[in-house]
């Protein structure tokens, strides 16, 4: 197909419904904070941060080191990361002085001026699987297909900077890539042969795609680590919300555990429910030496000290002070964390996904977490936002 024909086809994609369907996946390479973030910020003092003086900062220090591994060569981060190298990992007082010296806190505000938003949780699940298909292991984890195009819409329309469209060629037309229902039905011709693993449970596979990373316990007892590689370009849609709208679950039942329980009782309805979310994630196998799953910043996540954010609102890599509560509880969870990941469902200014870690307990906490919370971004001095 000639480039001119491709360009003409892409221009046709400017129709509004197509643009609504596009989604920006996590970047392949670490992207530093650039330009003015989109939400409004309110200059704050350290005293505004709940329990700031009581923070166990050494527990979050490894997450800072991970951010520095990605950002240490950037102009605003170069002196910060150099100073951090001279501070002992267990010196809480020196670490508090470090943050107060090098950063300025700003409260994050929503476009309507409110300062509260939704805080959810995610984790690294463990699935049972095999490298070969069998009667038991029948559901595939795919590597990215070779026929999926990556189209940067800003090359055609500068106002859509940052919008990456996933598409495919259909004759001389450029059309959206296959959605979840089409992929599950075997309608994507480039996917056979791209299977990385086969797992036994389609619901666990679905939630693995939502989490973005996990581990596969193979038949010989060894574990393989997998992480996000690509996404099909379709927007995320909540199946929990769908079950509520259908009258199948009450709002308080629509947790990950509640959805799994519903699926066990309604296997004949499962395929239609899963197809309600057209988004589909493709994976890659990761080295087993990594300390944690790789987030959108390009560094391993730190259990209970990394969060996923909307990077259009909060720059990746920065410290963020989170004020929320424990899952299904009023017990405060006030903690210094780091914006090191993104997610298809994480949209908006005061919005975060809290990474609980690996395993069953982490999954239990993540599945129950749907709390209200506030956020303060700690901007490097010299890189503060321009206030309206």
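Where does the chain land at 222 nm, in deg cm²/dmol rounded to the nearest 500, when only DSSP H runs of n ≥ 4 count, each adding -39500 (n - 2.57), divided by all residues?
Theoretical 222 nm ellipticity from helices: -7000 deg cm²/dmol.
Extending each Cα 7 Å along its Cβ direction at residue 138 and residue 173, get the distance between those two points in nm, one decimal.
Reported label-point gap for residue 138 and residue 173 is 3.4 nm.
Nearest 10 degrees is fine. How inclined is helix 202-211 to the longest principal axis of the chain, computing both from alpha carbons?
Tilt of helix 202-211: around 40 degrees.
Based on Cα coordinates alone, diagonalise the gyration tensor for the stretch 290-370, multiply each eigenvalue by 5, take square roots, and list the semi-axes in whole Å, largest first.
For the stretch 290-370, the semi-axes come out at 19, 16, 11 Å.
If R₀ is 56 angstrom, what is the calculated FRET efficiency for the pair residue 110 and residue 200, using the beta carbon separation as r and rounding to 0.05?
0.85
Give me the Kirkwood hydrodynamic radius of the chain in Å, from all C-alpha pairs, to one decimal place?
It works out to 22.1 Å.
Name the most mobile residue of 57, 375, 250, meaning the one with the largest mean-square fluctuation, in a Gaussian network model of the chain with Cα contacts below 10 Å.
250
How many Å³ per residue does the convex hull of the Cα positions in the stretch 105-182 occupy?
So the per-residue hull volume is 247 Å³.
At 4 °C and 1.567 mPa s, grab the translational diffusion coefficient of the stretch 67-224 from Stokes-Einstein with a Kirkwood Rh over Cα pairs, rounded to a whole number in µm² per second.
62
Determine how many Å³ per residue the convex hull of the Cα atoms of the stretch 148-227 encloses.
Cα convex hull per residue, to the nearest whole number: 132 Å³.
Please work out how much length the chain gains when fully extended from residue 131 to residue 54, using 0.36 nm per residue of separation minus the C-alpha to C-alpha distance, in nm with one decimal.
Roughly 23.0 nm would be gained on extension.
Label point 7 Å out from residue 261 along Cα-to-Cβ: which residues of the stretch 212-248 have amide N under 20 Å?
What the label zone holds, given the 20 Å backbone N cut-off, is 239-248.
Which of these, 143, 362, 188, has the largest mean-square fluctuation under a Gaussian network model of the chain (Cα springs below 10 Å)?
188
Which residue, 239, 346, 294, has the most motion in a Gaussian network model of the chain that connects Cα atoms within less than 10 Å?
Its mean-square fluctuation being the largest, the pick is 239.
Expressed as an acute angle from 0 to 90° and rounded to the nearest 10, what is the orientation of the C-alpha long axis of helix 57-71 relative to the principal long axis of the chain?
60
Using the basic label-point model (7 angstrom from Cα toward the beta carbon), what is the residue 163 to residue 347 distance in nanometres?
Going by the 7 Å Cα→Cβ label model, 1.2 nm.
Laboratory data are not the source of any read-out in this text; all were calculated from the coordinates shown. Because the structure is a prediction, the values reported are computed rather than measured. Here the Cβ is made from the backbone with ideal geometry for all residues, glycine too, and neighbour counts use every protein chain on show.
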